[in-house]
Structures are given as C-alpha cells and as structure tokens.
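Readers should treat all values here as calculations from the given coordinates under stated rules, not as data from a laboratory. Source: prediction; values computed, not measured. Heads up, the Cβs are rebuilt from the backbone with ideal geometry, glycines too, and the neighbour counts pull from every protein chain shown.
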Ligand SMILES: *Cc1c(COP(=O)(O)O)cnc(C)c1O
Ligand SMILES: [Zn+2]
C-alpha cells in the first residue's frame with residue numbers, strides 16, 4: 001500500500017489495539033470497534049506559510065495528514081470549497097459573521113466526496129475489485145463515482161425514499177443499484193445480507209471503513225486556513241452518522257497539536273426533531289445515544305436513528321465546547337428557503353438543519369454579538385429542488 005510517512009496504523013477506539021492498514025480494512029479484527037487512522041505528528045513538518053504556498057485546489061493539498069499518497073489517490077480534486085460570507089444572515093442572527101462552508105461545490109455535489117476519495121483509494125490499494133455500501137443517497141452516489149474512476153465495481157443499497165438524483169446517478173456511474181423499500185435501516189439490513197453472500201465486496205460503509213471521517217477532517221483544515229487561522233465560535237453541522245463532525249474534531253486536534261492553532265473548534269450538532277438521538281443524548285448528559293423510536297423527517301441525509309459512533313460524536317461535542325440543537329422540519333425547510341432567498345446560497349433539506357439550528361441557537365442566546373458562526377452546507381440545494389419547491393407550494397407560493 002502506498003501510505004504516507006506519518007500514517008502509522010489504524011487504532012481501535014475501543015480496545016486500543018493498532019493494526020497495519022494491510023491487515024485491517026474495516027472494523028477492529030479483535031473487538032469490532034471503529035478503527036481510526038493514526039498519525040505520528042512528529043514526522044509532520046507543516047507550517048502556515050507552507051500551506052499558503054500551495055494552491056487551494058484539492059483536499060489532497062494536506063498530503064502529509066492523509067493516509068495515502070497523492071499519487072495513489074483516486075481523486076477528482078474534491079474539497080477546496082469556498083467559505084461564503086453572509087452578512088444578511090449575520091445581522092438576522094445577531095452575530096458578527098455568518099460563513100457558509102459550501103460543500104455543494106464538490107464533484108458529486110456533497111461532502112461525501114471527501115470520504116469517498118480516501119475510502120475508495122484504500123479499497124483500491126487493498127486490491128479490492130468491488131466496493132459496497134448502504135446509504136441514504138449521497139454517499140452511494142459518491143462511492144459509485146469514485147469506484148468508476150478507479151475501475152472498480154460498486155454495489156449501492158439505497159432506501160426507496162432516497163432522492164431521484166442519487167439513485168439515477170449511481171446507475172449513470174455504472175454502479176449496481178439496489179433500491180430497498182423503506183428507510184435507511186431497511187437498506188442496511190439488505191446490504192448486510194448481500195455482503196455475507198459476496199466475499200469479494202469491500203465495504204465502504206459509514207464507520208466500517210476507517211477512512212471516511214479521515215477524509216472529511218480536511219473541511220476543518222480548510223476552514224481554519226480560510227479564516228486566516230482565527231478559530232470560529234461555532235461550526236453548526238447537520239448530523240446523521242456524525243462522520244463529518246467526528247472528522248472535523250479530529251482535524252482540529254491535529255492542527256492544534258501541530259501548533260498551527262491554539263484552540264479547538266466548537267462543534268454543534270444540528271438535527272431534525274423528527275430524529276434527534278444525538279441532541280437528546282447531549283441534553284440528557286449521556287455518553288452514548290438511545291436509538292430513536294420513530295424516525296420521521298424530510299431530511300433523509302440525517303435521518304439516522306441509531307448512529308453507532310455516538311460516543312465519538314458526543315466526545316467531540318463536549319471536548320470542543322460545542323452543543324446540540326434540534327428544530328422542526330418546517331423550520332428547516334423555511335431556513336433553506338430563507339438562505340436561498342436572502343443569501344443566494346443553495347442548501348439541501350438535510351443541510352438546512354444547520355441553518356435552522358443556528359437560528360435556534362441564536363434565539364436561545366448561545367451566541368454573542370462578536371461571534372463568528374460557520375454553517376456547514378453539506379450538499380448542493382438543487383439535489384432537493386423538488387422538496388424545497390413543494391415547501392413553497394405548501395405556503396401558497
Ligand atoms: C450524509 C449527509 C449528512 C450527514 O453526515 P454524517 O457525517 O453522517 O453526520 C448531512 N448532510 C448531507 C447532505 C449528507 O449527505
Ligand atoms: Zn478493538
């Protein structure tokens with residue numbers, strides 16, 4: 001495997017055992033825990049000016065802090081997304097600045113590309129012929145795109161409620177699509193059954209592959225650089241399985257440990273009231289979530305009733321000094337429309353949970369007038385054009 005110098009192995013977050021990337025490609029072989037790529041930061045020599053000298057064109061510009069070399073990477077120059085200043089929103093929320101990290105500007109229109117580039121590179125380096133996963137939609141589309149690029153076959157299980165764009169594009173990328181009646185849990189069960197029957201499939205499922213959160217950590221690297229190394233007061237993140245939140249917190253710790261910044265970045269989880277296991281766990285002071293009984297939200301990307309990595313999510317929120325907030329679907333759709341109409345930025349339905357959550361946090365006095373609040377726009381709004389347009393229709397527009 002074409003690994004980088006500082007990448008020293010995969011550490012199990014439960015039993016602490018370390019594995020060679022060639023001997024473990026999914027969960028911990030000993031205990032089934034989540035594996036986390038570990039870096040020996042003493043081997044990383046990276047300064048602010050080194051980074052300033054590099055073009056801002058792809059997340060692989062942080063090559064020292066990714067597991068595989070840029071030469072080995074299955075990449076379409078994902079990442080390097082814009083951070084858009086939104087003064088009207090800042091005024092409405094009563095804060096100094098609102099910035100939107102616009103992940104809609106990725107090859108398949110969402111931040112799932114940052115995870116897919118690393119996970120598919122790992123699969124390719126491991127000699128896989130097929131990658132497979134269940135997803136709410138966007139991760140499946142991203143995996144099928146990167147698999148196509150690496151000439152691997154992809155097997156994608158989506159629930160019937162996944163939006164049309166993601167289903168169609170899996171096929172367009174040449175992926176093998178299975179649509180499963182019901183919700184994400186049903187797609188997950190069908191995927192597990194198929195995986196048991198197909199030994200050659202390499203899973204790139206959320207927190208099964210060790211690499212998706214490691215790819216997504218680059219969002220916070222970029223953010224800190226784009227903010228001229230000021231730490232924002234809040235990053236509000238639409239949270240499903242928590243891959244991005246856990247990844248960003250990891251990235252912030254790495255930059256702090258490298259001496260590039262002094263502080264961690266406060267991470268706020270935003271969810272819909274129709275499925276808010278993480279928010280409830282934060283409110284109840286738990287270390288692990290309780291599965292949500294009747295998930296029901298229009299925000300398919302964050303309708304994850306039983307997020308297996310919740311201990312990592314909750315740790316990240318507490319350690320970073322962040323928080324959690326849930327708002328209703330109606331408020332979320334209203335926020336998507338408000339951001340599009342007043343700031344121009346197009347946010348998908350799931351993504352708008354971040355905007356709606358930020359408004360909720362502002363209303364309950366979480367922010368001060370000097371604060372900088374970053375909204376993570378995880379994906380392009382036009383993937384959800386029908387949902388957003390129907391919301392206007394429901395209001396008689
Ligand atoms: C996957 C997804 C999320 C949730 O991401 P996690 O990292 O699993 O919490 C949020 N928004 C969109 C658009 C997504 O596709
Ligand atoms: Zn273990």
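Tabulated data for the structure shown
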read-out: Test result for residue 90, more than 16 Å from ligand 1 (Cβ to nearest atom) and within 25 Å of residue 250 (Cβ to Cβ); value: no
read-out: Extreme residue, surrounded by the most Cβ atoms within 10 Å (Cβ to Cβ), among residues of region 338-361 that are touching a helix residue (DSSP H, G or I) at 6+ places or on another chain (Cβ under 6 Å) and more than 13 Å from residue 270 (Cα to Cα); value: 347
read-out: Exclusive hit being closer than 17 Å to residue 244 by Cα and touching a helix residue (DSSP H, G or I) at 6+ places or on another chain (Cβ under 9 Å), set 139, 147; value: 139
read-out: Filter pass, residue 183 being buried (at least 19 other Cβ atoms within 10 Å of the Cβ) and out of contact with any helix residue (DSSP H, G or I) (no Cβ under 6 Å at 6 or more places or on another chain); value: yes
read-out: Meets criteria (within 16 Å of ligand 1 (Cβ to nearest atom) and not in a loop (DSSP other than H, G, I, E, B)) for residue 251; value: yes
read-out: Number of positions in region 282-332 that are assigned to a loop (DSSP other than H, G, I, E, B) and out of contact with any strand residue (DSSP E or B) (no Cβ under 6 Å at 6 or more places or on another chain); value: 19
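Residue-wise test of (1) under 29 Å from residue 47 (Cα atoms); (2) free of Cβ contacts under 8 Å to residues at least 40 places away in the same chain; (3) within 16 Å of ligand 2 (Cβ to nearest atom).
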{"residue": "241", "(1), (2), (3)": "no, no, no"}
{"residue": "246", "(1), (2), (3)": "yes, no, no"}
{"residue": "254", "(1), (2), (3)": "yes, no, no"}
{"residue": "259", "(1), (2), (3)": "yes, yes, no"}
{"residue": "262", "(1), (2), (3)": "yes, yes, no"}
{"residue": "271", "(1), (2), (3)": "no, no, no"}
{"residue": "275", "(1), (2), (3)": "no, yes, no"}
